[in-house]
């Protein structure tokens with residue numbers, strides 16, 4: 001049986017779900033959950049994803065995310081691969097962590113309530129799993145984006161976007177009053193949970209109107225080819241990486257040729273390599289070749305020897321001549 005096609009386009013919205021291999025745990029404790037969220041944050045920095053909702057369960061996770069660039073597959077490959085590696089290192093394991101392919105339901109983002117439906121589904125997962133007592137507050141489950149929605153903007157992760165979901169619930173702004181209204185609406189929605197029908201979210205490939213479904217089908221027929229989506233993803237990631245290189249070479253006052261003549265381990269090159277690793281999904285091999293830094297293992301060693309947070313690295317990069 002052939003695999004279902006991954007539909008990718010700029011501005012697409014998805015409900016993504018992935019389970020542990022043979023339904024085994026992908027989060028053994030809170031440290032694993034924190035590690036997954038920090039890895040998700042790194043993925044968002046690389047791909048420009050905007051997360052509208054998330055929920056981490058014992059053996060699976062849910063994400064509702066928006067992709068300004070058509071890079072869901074590229075980003076998910078990085079996210080699942082890097083988290084698996086970190087999980088295995090921490091627990092002294094090897095091999096697969098996730099079961100097969102992740103599910104990616106395309107969600108219509110027209111403002112007609114489809115985003116609200118899927119985010120409610122994600123936020124109410126702990127209720128359906130009976131992880132909360134009937135009298136327990138919904139925000140008492142800490143591994144969901146719902147408690148984050150109730151915090152002021154400055155206390156939330158920068159990659160979590162709340163305005164679109166609030167807008168679909170008729171909440172005019174991310175204010176204290178707006179967050180209280182959001183909590184009230186969610187508690188009311190929680191009371192209706194027993195009668196909710198989520199079959200389309202669980203079984204279908206798209207959540208949206210009939211017209212939206214037909215548009216996606218027409219786009220697939222028109223655009224599908226033996227290598228179309230792979231080439232499109234690679235072009236998008238390559239364009240972003242090349243833009244970063246051009247920006248930083250210009251800031252340094254260098255010519256393009258100086259990437260070749262400057263020594264392999266030049267501080268500015270190391271900082272530029274670090275920015276490319278933090279903001280793109282380009283490989284160490286590509287970075288080594290593009291910046292004329294020798295082998296990818298040499299670049300890896302340089303990055304490991306000189307740890308640096310991204311904002312500081314950018315500032316140092318501007319000062320390196």
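The values are calculated or read from the model by the stated rules, or taken from the named source; none is laboratory data. All values derive from a computational prediction rather than experimental measurement. Neighbour counts are summed over all protein chains in view; Cβ atoms, including those assigned to glycine, are modelled from backbone coordinates with ideal geometry.
Screening region 67-91 for residues that are in contact with a helix residue (DSSP H, G or I) (Cβ under 8 Å, 6 or more places away or on another chain) and not in a helix (DSSP H, G or I) and picking the one that is nearest to residue 105 (Cα to Cα) gives 67.
In region 108-119 there is no residue that is assigned by TED's automatic domain parsing to the domain that holds residue 167 and over 29 Å from residue 213 (Cα atoms). Taking the conditions (1) part of a helix (DSSP H, G or I); (2) modelled with pLDDT of 90 or more in turn, residue 221 satisfies each one other than (2). Sort out which residues of region 122-153 are modelled with pLDDT under 95 and farther than 16 Å from residue 187 by Cβ, and write them in order of number. Those that are modelled with pLDDT under 95 and farther than 16 Å from residue 187 by Cβ: 129, 130, 131, 153. Among the residues making up region 159-171, a single one is out of contact with any helix residue (DSSP H, G or I) (no Cβ under 6 Å at 6 or more places or on another chain), without any contact (Cβ under 8 Å) to a residue 40 or more places away in the chain and in a loop (DSSP other than H, G, I, E, B): 170. Evaluate region 249-266: report whether one residue or more is part of a helix (DSSP H, G or I), at pLDDT 90 or above and either in the same structural domain as residue 40 (by TED's automatic domain parsing) or within 25 Å of the chain's Cα centre (by Cα) (or both). Checked region 249-266: no residue is part of a helix (DSSP H, G or I), at pLDDT 90 or above and either in the same structural domain as residue 40 (by TED's automatic domain parsing) or within 25 Å of the chain's Cα centre (by Cα) (or both). Take the residues of region 78-95 that are touching a residue at least 60 places away in the same chain (Cβ under 8 Å) and under 20 Å from the mean Cα position of the chain (by Cα): which is nearest to residue 203 (Cα to Cα)? Going through the qualifying residues, I end up with 80.
Picking from 309, 297, 281, which residue would you name as being at pLDDT 85 or above and within 26 Å of residue 80 (Cβ to Cβ)? Let's see the steps before the verdict.
Numbers: 309 fails: at pLDDT 85 or above; 281 fails: at pLDDT 85 or above.
Within the list 309, 297, 281, the selection yields 297.
Those residues that are assigned to a loop (DSSP other than H, G, I, E, B), touching a strand residue (DSSP E or B) at 6+ places or on another chain (Cβ under 7 Å) and surrounded by fewer than 23 Cβ atoms within 10 Å (Cβ to Cβ), I need them from region 38-62; list them, please.
59
Residue check: is residue 105 in a strand (DSSP E or B) and touching a strand residue (DSSP E or B) at 6+ places or on another chain (Cβ under 7 Å)? Answer is yes for this residue. Considering every residue within region 131-149, establish whether at least one is on the phi < 0 side of the Ramachandran plot, assigned by TED's automatic domain parsing to the domain that holds residue 202, part of a helix (DSSP H, G or I) and crowded, with 20+ Cβ neighbours inside 10 Å. Checked against the condition, which is being on the phi < 0 side of the Ramachandran plot, assigned by TED's automatic domain parsing to the domain that holds residue 202, part of a helix (DSSP H, G or I) and crowded, with 20+ Cβ neighbours inside 10 Å, region 131-149 yields at least one hit.
Residue-wise test of (1) farther than 21 Å from residue 243 by Cβ; (2) in contact with a strand residue (DSSP E or B) (Cβ under 6 Å, 6 or more places away or on another chain); (3) surrounded by 15 or more Cβ atoms within 10 Å (Cβ to Cβ).
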{"residue": "20", "(1), (2), (3)": "yes, no, yes"}
{"residue": "30", "(1), (2), (3)": "yes, no, no"}
{"residue": "34", "(1), (2), (3)": "yes, no, no"}
{"residue": "64", "(1), (2), (3)": "yes, yes, yes"}
{"residue": "69", "(1), (2), (3)": "no, no, yes"}
{"residue": "75", "(1), (2), (3)": "no, no, yes"}
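Against the conditions (1) touching a helix residue (DSSP H, G or I) at 6+ places or on another chain (Cβ under 9 Å); (2) within 20 Å of residue 15 (Cα to Cα); (3) at pLDDT 95 or above, residue 181 satisfies every one except (2).
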